[in-house]
Amino acid sequence: MKKIQTQGIHHITMIGADRQTSIDFWEGVLGMPLIFEQPNLDVPTENHLYFDPGDGRLITVFTDERRTADPTRNPEGIGNLHHLAFNVSRATYTQIARRLDERGVRHTGEIDRGFMNSIYFRDPLGQLIECASYKFDPPVGVTHAQVLMEAHKLRVARGDHHISDEHLADAIALWVERTQPSLSDDRTAKDPYTTKPPVWG
């Protein structure tokens, strides 16, 4: 018996209402370009829209002009999708609440998740959407997931409740030591200030 090894998300497909509602939300609110569309090859009466969420992968939506938008909250039972989270830059993240307010869209406001900041709202069809902004950039050649795994190990070893900035900073330093060689024999932290500098300013 062997594993089926995944290598990332290929696409996520949603069941939409009419075509324009999907375009207005995915492209008109979240800025995802509509890159192509064709009939749903399994259900000929439906259309299939393809959007680029920003990383070259795909969010796709089945649409049908006979369906109308229903904003009723989607069920969140066992086996159901809870939410979709999309990565945004810090500069974009700071603008989300205001831009949702301009549309009259209810949202959670900014939430600190320890290793990222989040804001949640619902799409026109009742699906919970999260826009998330990492608090850190991983070292070159290292992924966010690798830094988070190292930060988790540090958090557990220290008996802390959740990942914080300190765990992230220390995890990044460990990854730099692992991936970037140095001519120094001793790479431990030092204090070169034998004479303390004056207070700044």
Fill in the blank from the handout: Looking only at aspartates and glutamates whose Cα falls under 16 Å of LYS153's and that sit 8 or more positions away or on another chain, we get ASP165, GLU166, ASP170
Handout entry: Degrees between helix 144-158 axis and first principal axis of the chain (Cα, 0 to 90, nearest 10)
Key = 50
Exercise for the section: Report the extension gain between ALA145 and LEU174 in nm, rounded to one decimal, defined as 0.36 nm multiplied by the number of residues separating them, less their alpha carbon distance. Expected result: 9.0 nm
Completion exercise
Sorted by chain and number, the residues with a modelled amide H under 5 Å from that of PHE86, at a separation of 5 or more or across chains, are GLU130, CYS131, ALA132
Handout entry: Centroid-to-centroid separation of the range 24-44 and the range 76-90 [C-alpha atoms, Å]
Key = 19
Problem - Anisotropy class of the range 13-67 from Cα gyration tensor, a/c 1.5 cut - result: oblate
Practice task
Using only the Cα atoms of the range 70-135, build the gyration tensor, take square roots of its eigenvalues as a ≥ b ≥ c, and label the shape rounded, prolate or oblate: rounded if a/c is under 1.5, else prolate if a/b is larger than b/c, else oblate.
Solution key: oblate
Practice task
Please say if the chain is rounded, prolate or oblate, where rounded means a/c under 1.5 for a ≥ b ≥ c the square roots of the C-alpha gyration tensor eigenvalues, and otherwise the choice is prolate for a/b larger than b/c and oblate otherwise?
Solution key: prolate
Practice task
Grab the other residues whose beta carbon is less than 13 angstrom from that of ARG67, score K and R as +1, D and E as -1, and report the net.
Solution key: -3
Handout entry: Vicinal HN-Hα couplings computed from phi for the range 174-187 (Karplus, 6.51 cos²θ - 1.76 cosθ + 1.60; Hz; Gly/Pro x)
Key = 5, 5, 5, 4, 6, 9, 10, x, 9, 6, 6, 7, 10, 9
Exercise for the section: Quick one: dipole size for the range 1-72, taken about the Cα centre, charges +1 on Lys/Arg Cβ and -1 on Asp/Glu Cβ, in debye to the nearest 20. Expected result: 440
Exercise for the section: Let me know the charge dipole size of the chain about its Cα centre in debye, to the nearest 20, where only the beta-carbon of Lys, Arg (+1) and Asp, Glu (-1) is charged. Expected result: 440
Problem - Karplus-derived 3J(HN,Hα), 6.51/-1.76/1.60, for each residue of the range 57-70, Hz, glycine and proline x - result: 8, 9, 10, 10, 9, 7, 10, 8, 5, 7, 9, 10, 5, 10
Practice task
Tell me which residues come under 5 Å, amide H to amide H, from THR13 once H is placed; ignore anything under 5 positions away on its chain.
Solution key: THR60
Practice task
Over the chain, calculate the relative contact order: mean separation of alpha carbon pairs under 8 Å at least 6 apart, over the residue count, as a percent.
Solution key: 15
Completion exercise
Low-density loop trypsin sites (Lys or Arg not before Pro), the range 11-78, at most 14 other Cβ within 10 Å, DSSP non-H/G/I/E/B, are ARG57, ARG66, ARG73
Completion exercise
Once the in-chain neighbours fewer than 8 apart are removed, the aspartates and glutamates whose Cα is under 15 Å from LYS196 read none
Problem - 3J(HN,Hα) from dihedral phi, the range 82-95, Karplus parametrisation 6.51/-1.76/1.60, rounded to Hz, x for glycine, proline - result: 7, 7, 10, 10, 10, 6, 9, 6, 4, 4, 6, 4, 5, 9
Problem - Relative contact order (%) - the range 70-135, alpha-carbon pairs under 8 angstrom, separation at least six - result: 44
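Just so you know, all these numbers are worked out from the coordinates, no wet-lab data involved. No experiment lies behind these values; they were computed from the predicted model shown. Because the Cβ atoms are built from the backbone with ideal geometry, glycine has one as well, and the counts that use them run over all protein chains shown.
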